[in-house]
Every structure is written in structure tokens, then in C-alpha cells.
Amino acid sequence: MNADLAALEARLGHRFRDRSLLRRALTHPSVLSDFPDIGETNQRLEFLGDAVLQLVLTEALFKLYPGEREGVLSKRRAALANGACLAGLARQIGLDAALLLGTSEESTGGRQRSAALEDAFEATLGAIYLDADLATVSAALLALYGPLPERLAAVEDLENPKGRLQELVQPRHGNQALRYDVLQFTGEDHAREYEVAVSLLGRQLGTGKGSSKKAAEEAAARAGLATLRAETAGPL
């Protein structure tokens, strides 16, 4: 267990003076069903960590985008702090493997549940804050995010791929340059799969599949975004 925690500390970029804080951050409330006398779980640390997260991101975005409107900054902060993004960061550092879960939660797939990972990630931020200070947790968190403009682009690609693709294309090619075409659909009505292609002025950028036309279009748009971002040379 100590070796596992040491490896996690290395990925976090912080070595705990009080490792019990890290253990508590990893202790899911479901553990109480098996060990009612275990004491505190990660819920209070999650409460603290959520506030720390918001402050760190607010300061970072405030400095990164001078003169930007409050509404835009709030939208960017929300994108970086949403559950899917935090759960992704948790998986990135291996929190899923380190979680302490109750037997029932473990047996029902709780280790991969995004909500549990999001909570544990925020709790870990709270633990670092208590173990050190705001500067330490800020440095650790921003290192995990990497360059914020790139992380924001990745998050927005996932959340609204068609909108992001349109934003990339519109300045040079206008509003009507993209076209989505259904290539085929298979299966019965209750289990249909669509395949859609997205094209830019007749050039196919990518294809995607989904259980609905909308889902397939979004998958195609993600493929199109990947194509355009891979083409580092030459016009869009």
C-alpha cells in the first residue's frame, strides 16, 4: 500500500508529510458499509478541494486571458472543472486503481464510476492543500492540466465537436463549407447504427458512427477536428 501511495505521490508531484490525508482522500463513503468505525471518508476533503480547484482555475484563467469578459472566463472555468474532465485527470494519475471502496460499490463497477473519480480528485486537491499550501496545490494541479488553452480545446472538442469544427472552418471558408452526409445505417429500428461523413468543400475530413444520426455526426466532427489539427502545414 505504501509503495502504491508513493507512486501516486510521484504522479501528483507532491510527497505528503501526512500521508493519512492522502489515504482519506481515497476513501470512498461506501467503505463505511463494511467498516463503520473507519472514521472520516473523503467527503469533507472533497468539499474543500472543490473550493481550491475553483480558486486555482479562476486565478490561472484571469492571468492567462487579460481583458477577457467575466462570462467567457466562467464558461472556460466550468469546462475545465466539469465532471468528465476531472474524472479524466483522476484516471490520468491512477486514482481509479488507488480508490478504497466498499465491497458492494466495488462489485458494481464503482472504481470506474466518473462521479467517484471526480470526488476523489477534488478530495486529493483538498488533501494537498492541507498538507502544504495553496501554491503547492496550484502547481500540482496546473501541471496535471498541462497548457490550459490546449486542455480547453480538447474539452470543447468532446463537448461540442460540431461547434468547434465550425469555429475552425468558418473564418476562412464561411458558414456553409461543412456538410454532413449519412453514408449508411444498419440494424433494426430499436438498435440502429448510423455512419456519417463530414466534408469541407467536398473534401472528406472524417467519418463517425453512432446509435443516432446526431451521435454519428458528432463522432464524424471529432474525426474532422483530428484531421485538421494533424494538418499542421497548409490551409484549412
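Within the range 163-177, does at least one residue satisfy the condition of being buried (at least 18 other Cβ atoms within 10 Å of the Cβ), more than 30 Å from Gly202 (Cα to Cα) and under 21 Å from the mean Cα position of the chain (by Cα)? No; the residues of the range 163-177 include none that is buried (at least 18 other Cβ atoms within 10 Å of the Cβ), more than 30 Å from Gly202 (Cα to Cα) and under 21 Å from the mean Cα position of the chain (by Cα). With respect to the stated conditions, Ser33 is exposed (fewer than 15 other Cβ atoms within 10 Å of the Cβ), touching a residue at least 60 places away in the same chain (Cβ under 8 Å), over 20 Å from Leu144 (Cβ atoms) and in the same structural domain as Ala123 (by TED's automatic domain parsing).
Among the residues of the range 127-143, just one is without any contact (Cβ under 8 Å) to a residue 60 or more places away in the chain and not charged (D, E, K, R), namely Ala135. A Cβ distance below 9 Å, combined with a sequence gap of six or more or placement on separate chains, defines the contacts here; from the range 63-88, residues that are farther than 27 Å from Ser114 by Cβ reach residues that are hydrophobic (A, V, I, L, M, F, W, C) and surrounded by 14 or more Cβ atoms within 10 Å (Cβ to Cβ) in the pairs Tyr65/Leu73; Glu68/Leu61. Do we find that Ala197 is within 23 Å of the chain's Cα centre (by Cα), crowded, with 17+ Cβ neighbours inside 10 Å and either in a strand (DSSP E or B) or not assigned by TED's automatic domain parsing to the domain that holds Leu89 (or both) in this structure? The answer is no for Ala197. In the range 169-194, which residues are more than 17 Å from Ala223 (Cβ to Cβ), of a type outside the set (S, T, N, Q) and assigned to a strand (DSSP E or B)? Once the filter is applied, which keeps residues that are more than 17 Å from Ala223 (Cβ to Cβ), of a type outside the set (S, T, N, Q) and assigned to a strand (DSSP E or B), the range 169-194 yields only Phe185. Residues that are at pLDDT below 90 and surrounded by fewer than 18 Cβ atoms within 10 Å (Cβ to Cβ) do occur in the range 84-95, at least one of them.
When Gly202, Gly224 are checked against the criterion of being crowded, with 16+ Cβ neighbours inside 10 Å and either more than 27 Å from the chain's Cα centre (by Cα) or farther than 30 Å from Leu53 by Cα (or both), Gly224 stands alone in meeting it. Among residues that are under 16 Å from Leu8 (Cβ atoms), assigned by TED's automatic domain parsing to the domain that holds Ile38 and modelled with pLDDT under 90, Arg111 is included.
The values are calculated or read from the model by the stated rules, or taken from the named source; none is laboratory data. Just so it is clear, the structure is predicted and the values come from calculations on it, not from any experiment. For neighbour counting, all protein chains shown are included, and Cβ atoms are generated from backbone atoms with ideal geometry for every residue, glycine included.
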